[in-house]
Structures are given as C-alpha cells and as structure tokens.
Amino acid sequence: MARKSRISQLDPAIKAVIDQLIREGRHTIDEIVAHLQELGAPIARSTVGTYKKRMEAQLAKYREAQEVAGVWIAQLGQQADSHTGQLLAELLKTVAFRTLADLQDQDKGTEPGDLMLLAKALDHMARAQKTDHEFREKVRAAYRAELEARARAAQEEVAAVARSAGLSEEAAARLREIVLGVVG
C-alpha cells in the first residue's frame with residue numbers, strides 16, 4: 001500500500017487551503033510554500049510541486065469530462081428537465097470523468113480511439129433515451145385515444161338510453177353531465 005503524501009497528512013483545514021490555492025491557478029509553488037510556512041506547516045518545495053502537478057492534472061481531467069458531458073447534455077434538449085434527463089446528465093458526467101481518469105492512469109495516455117469509443121457509447125445512451133421517450137409518448141397517445149373512444153361510446157349509449165326512456169334533451173344532457181362529466 002502506498003504511503004500517504006506529506007500534504008495528505010496535514011490538518012484538513014490546511015490541506016483545504018492548499019487545494020484552494022491550486023484551484024485558483026494563479027499561485028506559484030513558491031507562493032504556496034510561503035503560505036504554508038505562514039500557517040506553520042513547513043513543506044518542501046518539491047513536495048508542493050509534485051502535489052500541485054498531480055492536482056492540476058486531475059482538474060484538467062475534470063474540466064475535460066465536464067466539456068464532454070456538456071456537449072451530450074446539450075444534445076438532450078427539452079428532455080434535460082425530466083428526471084431521466086437529469087439522471088442521464090449526471091451519469092454522463094460520471095462516466096466521462098471516470099473514463100478519462102482511467103485512460104490517463106494508464107501510462108499510454110488518452111488515445112483518439114478511446115475517446116471515439118467513449119463518444120460512441122454516450123451517443124448510444126442518448127439515442128436509447130430518445131427511443132424510450134418516443135415509446136412512452138406513443139403509449140400515452142394510445143391510452144388517451146382509447147379513453148376518448150370509450151367516453152364517446154358511453155356518451156352515445158347514455159343518449160340512446162335517454163331517448164328510449166323518453167327523456168327530454170335537457171334531461172339527457174344533465175344525465176350525460178352527471179354520469180360522464182360531459183357538458184352539452
């Protein structure tokens with residue numbers, strides 16, 4: 001098991017300060033070392049440099065993953081507000097980040113073919129969601145059509161029963177309104 005870095009062993013509050021300084025991206029290694037000395041945590045310049053380089057690489061991976069996910073989220077269009085769209089957006093971010101991190105952890109780096117496969121997988125996921133959405137809309141439309149047909153048939157039956165019972169048109173209309181919720 002690898003030994004914890006000197007910076008990882010620091011007080012979490014001090015480590016948070018270091019992380020913030022690195023994330024800001026405008027501080028040199030010497031400035032960070034000086035800040036650490038002010039906080040009473042003298043750390044070697046080389047240790048800070050190694051940590052900063054590793055953290056900047058992770059931040060670059062994260063930004064790249066956010067960009068990839070952003071492109072696919074934009075592809076979701078109107079569906080991005082749905083629960084499925086939101087879940088897919090988060091899933092895309094996670095998949096893109098983990099995949100890029102895994103590719104970078106392999107000593108070979110990121111190959112264009114690997115990125116193409118990731119993009120293709122994300123495209124298939126987006127298409128699957130679109131197909132699912134279209135299927136649900138067809139089912140809803142068929143259900144609505146069936147309900148409307150049943151309501152029309154019931155309305156005609158109520159009208160026929162009302163006529164055969166000799167009810168006036170006003171009484172038949174009132175009966176339709178009560179039974180079917182249909183006015184007119």
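Bear in mind that the values in this text are calculations on the coordinates, not laboratory data. Source: prediction; values computed, not measured. Because the Cβ atoms are built from the backbone with ideal geometry, glycine has one as well, and the counts that use them run over all protein chains shown.
Structural remarks
- Shape category assigned to the range 124-184 from the gyration tensor of Cα positions, a/c cut at 1.5: prolate
- Residues T47, T131, sorted so that the one with the fewest Cβ neighbours within 10 Å comes first: T131, T47
- Global form of the range 7-57, assessed from the alpha-carbon gyration tensor, a/c cut-off 1.5: rounded
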